[in-house]
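Heads up, the thing below is written out as structure tokens.
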Amino acid sequence: MSTIPYKIYLEESEMPTKWYNVRGDMKKKPAPLLNPATLKPMTIDELSGVFCRELAEQELDDTSRFIEIPEEIRNFYRMYRPSPLVRAYCLEEKLQTPAHIYYKFEGNNTSGSHKLNSAIAQAYYAKKQGLKGVTTETGAGQWGTALSMACSYFDLDCQVYMVKVSYEQKPFRREVMRTYGAKVTPSPSMETEVGRKINAEFPGTTGSLGCAISEAVEAATTQEGYRYVLGSVLSQVLLHQSVIGLETKAALDKYGIKADMIIGCAGGGSNLGGLISPFAGEILRGENNYEIIAVEPASCPSLTRGRYAYDFCDTGKVCPLAKMYTLGSGFIPSANHAGGLRYHGMSSVVSELYDQGLIKARSVEQTSVFEAAEMFARVEGILPAPESSHAIRVAIDEALKCKETGEEKNIVFGLTGTGYFDMVAYQKYNDREMTDYIPTDEELQVALSKLPKVD
Ligand SMILES: *Cc1c(COP(=O)(O)O)cnc(C)c1O
């Protein structure tokens, strides 16, 4: 019997006191955000009109390697962190693999995912700046839930524009948000200029994430004392999510374990970026080597089939341009896609690391993702979020490869959250109604041909 426990907990005193900014160790930095009107890099003043000042500074800071985590945020982290690093003994047994599998579990809070790590930081800086509140969009509701918890902790107003179809069909996360005091508005609404315009143009539309972003940005810029916040993609979000990687690294070091492979699911890239940051830093400084794999849905393959180019972050084209691996801001995954991770682009930090060859990417089909989710739930006890299950799929595939080669690799993956509110997707899988869809090159070309011209 090994001496490594099922759950490797850090002491509170071993929790990180600083976030790690991997951009500080990158020789070639991610490309800057551009002002869509002038095509010049966004200045701190321009960004501060939309984001809180300190968050805008973090967004533009590509040199500081470490940034102090304010004590108020560390106190909040203590309520649900450090999160456990779990040795997946039962999964290893099931697979009969010589590999050692570990997962970092971020689902142990009411929002059910890692998103709270950045929500609390963003709410803190908004409060510190003396703002009245923040606005945001949410699709299925994970980010909105995390933000509403964070805002209620700091007594900030929280206005969430929720894609109308989710607002109507997924009432549970909506009610969690309202319980934490957030105002949840189905988008497109009649409360914003852009919402009224879209409703007039497309009567009866059920909304989209891109449209909800445009409404949330308008709401932030037209109300005194409000700013807009975003739960993924941005470099500031990756910075906050570095607590995941720092804790993982500290826990592995505590037991003298050297990871060989690190796997994370990638939607906008925030959990993956946060998990891998300290490890990528060691690679960049020439201290160590790791195999890092980003996993994305085959139906929304921004890294594996997208283009590395400047693109709009939102469908409404109100946000700055970011250079990233993208499928085009008009790309919408096929209707049968149920597994989350549906954003058209990828964090510019993750994109640049991928472009430099530090990260590999793999795409997986959703029925195989849910097969992995089902196996994991049955042996490890946790019902995983569909998003997280993309990482589980590849961790299992890699462990099975080790079975063939006899290698005792240490495989670490990010288990970003729980799937209790995703039971409609599970139902489709259980009823054998789930299908796979891989877009053709021609289909991808439609949105890619509309990338903005920047050179
Ligand atoms: C939002 C979310 C993701 C994807 O977002 P990233 O920014 O790519 O991390 C993954 N897992 C869960 C549970 C989520 O809620």
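Here is how the numbers come out for the structure above:
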{"read-out": "Single residue of segment 93-118 satisfying the filter (outside any loop (DSSP other than H, G, I, E, B) and more than 17 Å from the chain's Cα centre (by Cα)) that is farthest from the ligand (Cβ to nearest atom)", "value": "93"}
{"read-out": "Residue count, segment 171-200 (criterion: surrounded by fewer than 18 Cβ atoms within 10 Å (Cβ to Cβ) and more than 15 Å from residue 316 (Cα to Cα))", "value": "10"}
{"read-out": "Verdict on residue 204 being under 18 Å from the mean Cα position of the chain (by Cα), modelled with pLDDT under 95 and small (Gly, Ala, Ser)", "value": "no"}
{"read-out": "Cross-chain or 6+ apart pairs with Cβ under 8 Å, segment 199-218 first and at positive phi, then charged (D, E, K, R)", "value": "207/164"}
{"read-out": "Residue 131 vs. criteria in contact with a strand residue (DSSP E or B) (Cβ under 9 Å, 6 or more places away or on another chain), surrounded by fewer than 22 Cβ atoms within 10 Å (Cβ to Cβ) and either at pLDDT 95 or above or in a helix (DSSP H, G or I) (or both)", "value": "yes"}
{"read-out": "Search result, residues across segment 339-387 that are in contact with a strand residue (DSSP E or B) (Cβ under 7 Å, 6 or more places away or on another chain) and free of Cβ contacts under 8 Å to residues at least 24 places away in the same chain", "value": "377"}
{"read-out": "Per-region count, segment 244-289, residues in contact with a Leu (Cβ under 7 Å, 6 or more places away or on another chain), among the hydrophobic types (A, V, I, L, M, F, W, C) and within 16 Å of the ligand (Cβ to nearest atom)", "value": "5"}
{"read-out": "Selection from segment 135-164 of residues that are in contact with a Gly (Cβ under 6 Å, 6 or more places away or on another chain) and surrounded by fewer than 24 Cβ atoms within 10 Å (Cβ to Cβ)", "value": "152, 156, 157, 164"}
{"read-out": "Helices (runs of 4 or more DSSP H) wholly inside segment 360-455 containing at least 2 residues that are of a type in the set (Ser, Thr, Tyr) and within 18 Å of the chain's Cα centre (by Cα)", "value": "386-405"}
{"read-out": "Pairs with Cβ under 6 Å, 6+ apart, first in segment 230-243 and within 7 Å of the ligand (Cβ to nearest atom), second of a type in the set (D, E, K, R)", "value": "231/115"}
{"read-out": "Residue check, residue 139 under 21 Å from the mean Cα position of the chain (by Cα) and under 26 Å from residue 81 (Cβ atoms)", "value": "yes"}
{"read-out": "Residue that is under 18 Å from residue 270 (Cβ atoms) and more than 16 Å from the ligand (Cβ to nearest atom), where the choices are 358, 353", "value": "358"}
{"read-out": "Test: residue in segment 35-42 that is aliphatic (A, V, I, L, M) and surrounded by fewer than 19 Cβ atoms within 10 Å (Cβ to Cβ)", "value": "yes"}
{"read-out": "Some residue of segment 317-334 being under 19 Å from the mean Cα position of the chain (by Cα), surrounded by fewer than 23 Cβ atoms within 10 Å (Cβ to Cβ) and within 15 Å of the ligand (Cβ to nearest atom)", "value": "yes"}
{"read-out": "Residue within segment 162-173 that is within 22 Å of residue 385 (Cα to Cα), in a helix (DSSP H, G or I) and touching a Phe, Trp or Tyr at 6+ places or on another chain (Cβ under 7 Å) present", "value": "yes"}
{"read-out": "Test: residue in segment 69-84 that is of a type in the set (Gly, Ala, Ser), buried (at least 21 other Cβ atoms within 10 Å of the Cβ) and in contact (Cβ under 8 Å) with a residue 60 or more places away in the chain", "value": "yes"}
{"read-out": "Candidates 352, 387, 374 - the one that is at pLDDT 95 or above and closer than 22 Å to residue 85 by Cβ", "value": "387"}
{"read-out": "Residues satisfying the stated conditions in segment 410-433, i.e. modelled with pLDDT of 95 or more, more than 14 Å from the ligand (Cβ to nearest atom) and either within 19 Å of residue 245 (Cβ to Cβ) or of a type in the set (Val, Ile, Thr) (or both)", "value": "410, 411, 412"}
{"read-out": "The one condition in (1) within 20 Å of residue 349 (Cα to Cα); (2) buried (at least 24 other Cβ atoms within 10 Å of the Cβ); (3) away from the ligand (no atom under 16 Å from the Cβ) that residue 121 fails to fulfil", "value": "(3)"}
{"read-out": "Count of segment 345-386 residues which are within 30 Å of residue 451 (Cα to Cα), surrounded by 20 or more Cβ atoms within 10 Å (Cβ to Cβ) and among the acidic types (Asp, Glu)", "value": "1"}
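Matching residues to (1) out of contact with any Lys or Arg (no Cβ under 9 Å at 6 or more places or on another chain); (2) of a type in the set (D, E, K, R); (3) farther than 23 Å from residue 25 by Cβ:
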{"residue": "309", "(1), (2), (3)": "no, no, yes"}
{"residue": "321", "(1), (2), (3)": "yes, no, yes"}
{"residue": "330", "(1), (2), (3)": "no, no, yes"}
{"residue": "351", "(1), (2), (3)": "no, no, no"}
{"residue": "355", "(1), (2), (3)": "no, yes, no"}
{"residue": "368", "(1), (2), (3)": "no, no, yes"}
{"residue": "371", "(1), (2), (3)": "no, yes, yes"}
{"residue": "384", "(1), (2), (3)": "yes, no, yes"}
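Residue by residue, here is whether (1) more than 28 Å from residue 3 (Cα to Cα); (2) assigned to a strand (DSSP E or B); (3) at pLDDT 95 or above; (4) small (Gly, Ala, Ser) holds:
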{"site": "78", "(1), (2), (3), (4)": "no, no, yes, no"}
{"site": "86", "(1), (2), (3), (4)": "no, yes, yes, no"}
{"site": "123", "(1), (2), (3), (4)": "yes, no, yes, yes"}
{"site": "143", "(1), (2), (3), (4)": "yes, no, yes, no"}
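The values are calculated or read from the model by the stated rules, or taken from the named source; none is laboratory data. Because the structure is predicted, anything quoted here is derived from the model rather than measured. A quick note on method: Cβ atoms are made from the backbone with ideal geometry, for glycine too, and the neighbour counts reach across all protein chains shown.
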